[in-house]
Ligand code: 4NP
């Protein structure tokens, strides 16, 4: 079983979408996908209603997800940890205990050609069009990631 964790700040906007999209592209017999936030602001909450809506428009149901905070033991549980932006990347990197932990952390948009080293923009204070932009960026990344994993 390959285990993949998606991480953003609040675990209510971006990482729940990345979680739902990648999960929809991989067989659950071989892959486990989860998400978490670096912050504790929204623990136990459902995804933002705009993330739920943009996922639903694309036939993905993320409404059952519940926000949780990233924890050190996630480095033991997961094989790959995708950060949504460089701030999340730096925050998780600071928690890494050794080079093995560090080697698991990647920036998700590095999967997209032309988007290397870029951030999935935080849509929290934006409008629905910002959530559509996030969905499209993550959908491209997840399609590429799923293709690479299945090779
Ligand atoms: P996320 O978006 O990191 O994509 O889940 C945010 C959600 C909540 C907050 C910031 C970003 N907040 O400040 O509460």
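Give, in nm to one decimal, the length gained when the segment between residue 39 and residue 136 is fully stretched (0.36 nm per residue of separation minus the Cα-Cα distance).
On the way: separation 97, 0.36 × 97 = 34.92 nm, distance 2.44 nm.
Once the chain is fully extended between residue 39 and residue 136, it gains 32.5 nm.
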> Among bridges DSSP assigns within the range 2-150, what percent are antiparallel (round to 5)?
Replying inline: 0
>> Per DSSP helix of 4 or more residues, -39500 (n - 2.57); summed, then divided by the residues of the chain. What does that give at 222 nm, rounded to the nearest 500?
In response: -12500 deg cm²/dmol
> Given springs between every Cα pair under 10 Å in a Gaussian network model of the chain, which of 78, 131, 70 has the largest fluctuation?
Replying inline: 78
> Pick from 29, 77, 140: which residue has the top mean-square fluctuation in a GNM of the chain where Cα pairs under 10 Å get a spring?
Replying inline: 29
>> Connecting C-alpha atoms closer than 10 Å in a GNM of the chain, tell me which of 58, 136, 117 has the biggest fluctuation.
In response: 58
> Calculated FRET efficiency, residue 71 and residue 100, Cβ-Cβ r, R0 22 Å, to nearest 0.05?
Replying inline: 0.85
>> How many angstrom lie between the Cα centre of the range 71-117 and the Cα centre of the range 31-66?
In response: 19
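Report, to one decimal in Å, the Kirkwood hydrodynamic radius for the chain based on all distinct Cα pairs.
15.1
What FRET efficiency, computed as 1/(1 + (r/R0)^6) with R0 = 35 Å and r the Cβ-Cβ distance, is obtained for residue 113 and residue 79, rounded to the nearest 0.05? It would help to have the intermediate numbers written out before the result.
Details: r = 23 Å, r/R0 = 0.67.
Efficiency, rounded to the nearest 0.05: 0.90.
Would you mind ranking 125, 32 by Cβ crowding within 10 Å, fewest neighbours first? Show your work: numbers first, answer last.
On the way: 125 6, 32 16.
Ranking 125, 32 by Cβ neighbours within 10 Å, fewest first, gives 125, 32.
Here, each number is a calculation from the coordinates, and none is a lab measurement. Because the structure is predicted, anything quoted here is derived from the model rather than measured. Here Cβ is always computed from backbone atoms with ideal geometry, including for glycine, and neighbour counts include all displayed protein chains.
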